[in-house]
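The values are calculated or read from the model by the stated rules, or taken from the named source; none is laboratory data. Because the structure is predicted, anything quoted here is derived from the model rather than measured. Cβ sites come from the backbone with ideal geometry, for glycine too, and all protein chains shown count toward neighbours.
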Amino acid sequence: MWGYILIAICAISGIVMLFHYGRSENPIRRALTGMFSGAASLFAISYIGALLGLTVQINLFTAVVALTLGIPGTVLLMLCAIF
C-alpha cells in the first residue's frame with residue numbers, strides 16, 4: 001500500500017516539476033541544474049547518512065526520483081528511509 005502511495009506522490013511531483021521547468025525562461029538549463037543538485041544531494045546523503053546510520057541506497061528508482069525532483073525528491077527519499 002505504501003509503495004503505491006509513494007509512486008503516486010513521485011508521479012504527481014514529476015508532472016509538477018515538468019510544468020515548472022517548461023514555464024521557465026531557459027527550461028534546459030533549469031532542468032539540468034535541478035538534476036545536478038538532486039544527484040549531488042543523493043550522493044551526499046548516501047555518504048553522510050552511512051556515517052550517521054541512515055542509509056539511502058543508490059539504485060535506479062532513487063536515481064530517477066533524485067534526478068526528476070531534485071533536492072525535494074532526495075528529502076522525500078530520506079524521509080521514507082527514516083519511516
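With respect to the conditions (1) more than 26 Å from PHE83 (Cβ to Cβ); (2) under 13 Å from the mean Cα position of the chain (by Cα), SER24 falls short on a single one, namely (2).
The residue list GLY14, GLY38 contains one member that is touching a residue at least 40 places away in the same chain (Cβ under 8 Å), surrounded by 10 or more Cβ atoms within 10 Å (Cβ to Cβ) and touching a Ser or Thr at 6+ places or on another chain (Cβ under 8 Å), which is GLY14. Out of LEU67, LEU77, one residue alone is part of a helix (DSSP H, G or I), at pLDDT 85 or above, under 20 Å from TRP2 (Cβ atoms) and out of contact with any Asp or Glu (no Cβ under 8 Å at 6 or more places or on another chain). It is LEU77.
Taking the listed residues ARG23, ARG30, the one that is more than 21 Å from MET78 (Cβ to Cβ) and in contact with a His (Cβ under 9 Å, 6 or more places away or on another chain) is ARG30, with no other qualifying. If you go through segment 41-57 and keep only what is surrounded by fewer than 16 Cβ atoms within 10 Å (Cβ to Cβ) and either outside any helix (DSSP H, G or I) or among the aliphatic types (A, V, I, L, M) (or both), you end up with ALA44, ILE48, ALA50, LEU51, LEU52, GLY53, LEU54, THR55, GLN57.
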